[in-house]
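Student: Before anything else, here's the structure in question.
The values are calculated or read from the model by the stated rules, or taken from the named source; none is laboratory data. Quick caveat: nothing in here was measured; it's all calculated off a predicted structure. We place every Cβ from the backbone using ideal geometry, glycine too, and count neighbours over all the protein chains shown.
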Amino acid sequence: MLISVQQQDFEVNKIIDQLTQGRSDIGAIVTFTGLVRDLSKEKDLVAMDLEHYPGMTEKSLKSLAESALKKWQIKDLAIIHRVGRLHPTENIVMVVTISAHRKQAFDACEYLMDYLKTQAPFWKKEITRDGEHWVAAKQSDLKATSRWEK
Amino acid sequence: MLISVQQQDFEVNKIIDQLTQGRSDIGAIVTFTGLVRDLSKEKDLVAMDLEHYPGMTEKSLKSLAESALKKWQIKDLAIIHRVGRLHPTENIVMVVTISAHRKQAFDACEYLMDYLKTQAPFWKKEITRDGEHWVAAKQSDLKATSRWEK
Amino acid sequence: MKINLLYFASLKETLNCDQEILELDKDIDTIQDLKTFLVQRGGVWKSSFLANNALLASVNHQMANEQTSIHDQDEVAFFPPVTGG
Amino acid sequence: MKINLLYFASLKETLNCDQEILELDKDIDTIQDLKTFLVQRGGVWKSSFLANNALLASVNHQMANEQTSIHDQDEVAFFPPVTGG
């Protein structure tokens with residue numbers, strides 16, 4: 001299990017290598033990477049500040065990872081989340097799941113992202129040319145999370 | 001759109017870079033990598049031979065990619081499939097989808113893999129210490145594909 | 001009892017406070033009691049802790065609810081709904 | 001008419017043949033007709049094209065079914081269910 005809250009960037013290849021090294025039982029690797037995007041036509045997003053709760057954030061990701069390893073037939077997983085000031089096109093988060101078969105890896109990766117979005121103590125603030133504002137929590141993320149509780 | 005049937009290996013990072021270069025509208029990248037695994041306890045899988053139908057395979061992947069771009073709100077995608085002799089832990093296939101939001105990227109990536117498994121003309125032959133045998137098509141793959149037709 | 005109280009994100013900015021050590025009376029047992037106590041400070045404290053139902057709380061790094069009890073030396077935190085990922 | 005006929009994977013090995021150019025009578029219009037023609041060769045041809053319902057066919061790189069028609073200069077292929085990915 002690889003959990004990290006860090007300021008520096010990450011490389012998908014290296015995380016995959018770390019997880020799969022020395023194993024021959026992996027048939028499927030699913031990765032999710034979340035990036036800072038600027039969807040506005042004016043390209044007015046200057047930066048994104050990622051705040052977190054040191055101590056609690058790491059614990060919350062670890063307990064999320066443990067729940068995924070119990071719930072899905074996956075062999076291992078990684079969750080890397082950046083904090084601090086990020087800019088458009090930069091990586092924010094990465095989740096990797098490895099398993100024998102693809103379905104479990106896909107489901108576990110989606111599950112991890114859904115819970116991370118609604119449970120882990122991170123907060124985004126957008127710095128635009130017109131000022132700063134905190135990103136509001138999305139109803140769609142809460143809905144996405146609740147579907148795993150059936 | 002990046003489609004390739006090739007003997008040589010691929011690198012996840014490079015494919016992602018190719019797809020996302022110069023874009024600031026991407027918030028989500030999902031990758032699937034399929035590997036040669038040896039699930040037997042005796043580790044008796046020596047190699048995997050990947051045969052394909054030159055000409056038809058490429059067309060079939062292209063038409064699959066086009067259907068995904070129509071069906072899902074994704075910005076672009078890549079499908080790379082290796083052929084020839086591969087060994088345990090080596091990469092076989094990679095699918096990458098990029099989009100604004102994560103749900104579409106996840107769904108499109110799963111859709112592409114499900115269809116690739118049942119529609120694209122590739123055939124696997126396992127070379128084990130006890131001899132060679134062609135891999136049988138799986139009922140579970142056909143079921144996985146049919147769920148998208150609802 | 002003494003607790004370490006933390007505030008994050010927009011709440012931290014509204015209150016203009018990220019952390020305080022609080023000496024609490026014995027009759028403050030739960031997160032709900034603590035909120036009521038903070039409301040009594042008036043101003044932005046009142047509006048933040050009275051009106052904001054979406055506000056989340058944690059006790060010793062575990063998500064908490066209104067009924068979660070608070071003990072001496074606990075680390076308690078209040079923050080808005082999370083928006084990572 | 002003349003067609004280019006290809007075989008893949010286990011079928012190719014069973015038939016010990018990967019490709020042939022076939023001159024066909026005019027009464028062979030469809031994949032079904034072609035299969036019936038190949039069955040008449042007997043031996044592994046008979047068992048492969050008579051019994052194997054799972055066998056797939058393509059005409060000019062498009063997936064085909066029993067009723068798909070065949071024309072002069074077509075590239076036709078037979079193969080087992082695919083197992084890539």
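Student: Taking the options A:R147, A:R102, name whichever one is buried (at least 22 other Cβ atoms within 10 Å of the Cβ) and over 17 Å from the mean Cα position of the chain (by Cα). Steps first, please.
Tutor: On the way: A:R147 fails: buried (at least 22 other Cβ atoms within 10 Å of the Cβ).
Result: A:R102 is the single residue among A:R147, A:R102 that is buried (at least 22 other Cβ atoms within 10 Å of the Cβ) and over 17 Å from the mean Cα position of the chain (by Cα).
Student: Scan segment C:48-66 for residues that are surrounded by 15 or more Cβ atoms within 10 Å (Cβ to Cβ), closer than 17 Å to C:I3 by Cα and in contact (Cβ under 8 Å) with a residue 24 or more places away in the chain and jot them down.
Tutor: Across segment C:48-66, the qualifying residues are C:A57, C:V59, C:A64.
Student: Considering every residue within segment C:4-20, establish whether at least one is away from chain A (no Cβ under 14 Å) and modelled with pLDDT under 95.
Tutor: No; the residues of segment C:4-20 include none that is away from chain A (no Cβ under 14 Å) and modelled with pLDDT under 95.
Student: Looking at this structure, is A:K71 in contact with a Ser or Thr (Cβ under 6 Å, 6 or more places away or on another chain), in contact (Cβ under 8 Å) with a residue 24 or more places away in the chain and among the basic types (K, R)? I'd like the intermediate steps shown before the answer.
Tutor: On the way: in contact with a Ser or Thr (Cβ under 6 Å, 6 or more places away or on another chain): no; in contact (Cβ under 8 Å) with a residue 24 or more places away in the chain: yes; among the basic types (K, R): yes.
When the stated conditions are applied, A:K71 does not pass them.
Student: For segment A:36-65, what are the residues that are more than 14 Å from chain C (Cβ to nearest Cβ) and over 13 Å from the mean Cα position of the chain (by Cα)?
Tutor: A:D38, A:L39, A:S40, A:K41, A:E42, A:K43, A:D44, A:L45, A:V46, A:A47
Student: Could you tell me whether any residue of segment D:32-47 is within 25 Å of B:L64 (Cβ to Cβ), surrounded by 12 or more Cβ atoms within 10 Å (Cβ to Cβ) and within 10 Å of the chain's Cα centre (by Cα)?
Tutor: No, segment D:32-47 has no match at all.
Student: Considering only residues that are closer than 25 Å to A:A136 by Cβ and touching a strand residue (DSSP E or B) at 6+ places or on another chain (Cβ under 8 Å), which ones fall in segment C:14-33?
Tutor: Residues satisfying the conditions are C:L15, C:C17, C:D18, C:Q19, C:I31.
Student: Out of segment B:78-102, which residues are touching a helix residue (DSSP H, G or I) at 6+ places or on another chain (Cβ under 7 Å) and within 21 Å of A:M113 (Cβ to Cβ)?
Tutor: Within segment B:78-102, B:A78, B:M94, B:V95, B:V96, B:T97, B:I98, B:S99, B:R102 qualify.
Student: Looking at segment A:133-150, which of its residues are in contact with a strand residue (DSSP E or B) (Cβ under 8 Å, 6 or more places away or on another chain) and at the interface with chain C (Cβ under 8 Å from one of its Cβ atoms)?
Tutor: A:W134, A:V135
Student: With the checklist (1) closer than 28 Å to A:T145 by Cα; (2) modelled with pLDDT of 95 or more; (3) surrounded by 14 or more Cβ atoms within 10 Å (Cβ to Cβ) in hand, flag the one item C:S69 doesn't pass.
Tutor: Unmet for C:S69, out of (1) closer than 28 Å to A:T145 by Cα; (2) modelled with pLDDT of 95 or more; (3) surrounded by 14 or more Cβ atoms within 10 Å (Cβ to Cβ): (3).
Student: Sort out which residues of segment A:89-132 are within 14 Å of chain C (Cβ to nearest Cβ), touching a strand residue (DSSP E or B) at 6+ places or on another chain (Cβ under 6 Å) and of a type in the set (A, V, I, L, M), and write them in order of number.
Tutor: A:I92, A:V93, A:M94, A:V95, A:L112, A:M113, A:I127
Student: Here is a follow-up. Residues of segment D:46-78 being touching a Lys or Arg at 6+ places or on another chain (Cβ under 9 Å), within 11 Å of chain B (Cβ to nearest Cβ) and at positive phi, which ones?
Tutor: Scanning segment D:46-78 gives a single hit, D:H61.
Student: Among the listed residues D:S58, D:S10, D:S47, which satisfies the condition of being in a helix (DSSP H, G or I), among the polar types (S, T, N, Q) and touching a strand residue (DSSP E or B) at 6+ places or on another chain (Cβ under 7 Å)? It would help to see each step written out before you state the result.
Tutor: On the way: D:S58 fails: in a helix (DSSP H, G or I); D:S47 fails: touching a strand residue (DSSP E or B) at 6+ places or on another chain (Cβ under 7 Å).
The match here is D:S10.
Student: Is there a residue being over 18 Å from the mean Cα position of the chain (by Cα) and in a loop (DSSP other than H, G, I, E, B) anywhere in segment A:13-22?
Tutor: Yes, segment A:13-22 has at least one match.
Student: Please identify the pairs in which a residue from segment C:7-20 that is closer than 20 Å to C:D74 by Cα has its Cβ atom under 8 Å from the Cβ atom of a residue that is surrounded by fewer than 15 Cβ atoms within 10 Å (Cβ to Cβ) and basic (K, R), counting only partners at least 6 apart or on another chain.
Tutor: Every condition considered, no pair remains.
Student: Can you tell me which condition A:T33 does not meet? The list is (1) among the polar types (S, T, N, Q); (2) within 14 Å of chain C (Cβ to nearest Cβ); (3) farther than 24 Å from B:A108 by Cα, and all the others hold.
Tutor: A:T33 satisfies all of (1) among the polar types (S, T, N, Q); (2) within 14 Å of chain C (Cβ to nearest Cβ); (3) farther than 24 Å from B:A108 by Cα except (3).
Student: Which of the residues spanning segment A:17-59 are out of contact with any Leu (no Cβ under 9 Å at 6 or more places or on another chain), aliphatic (A, V, I, L, M), surrounded by fewer than 21 Cβ atoms within 10 Å (Cβ to Cβ) and closer than 15 Å to B:L35 by Cβ?
Tutor: None - no residue of segment A:17-59 is out of contact with any Leu (no Cβ under 9 Å at 6 or more places or on another chain), aliphatic (A, V, I, L, M), surrounded by fewer than 21 Cβ atoms within 10 Å (Cβ to Cβ) and closer than 15 Å to B:L35 by Cβ, so the list stays empty.
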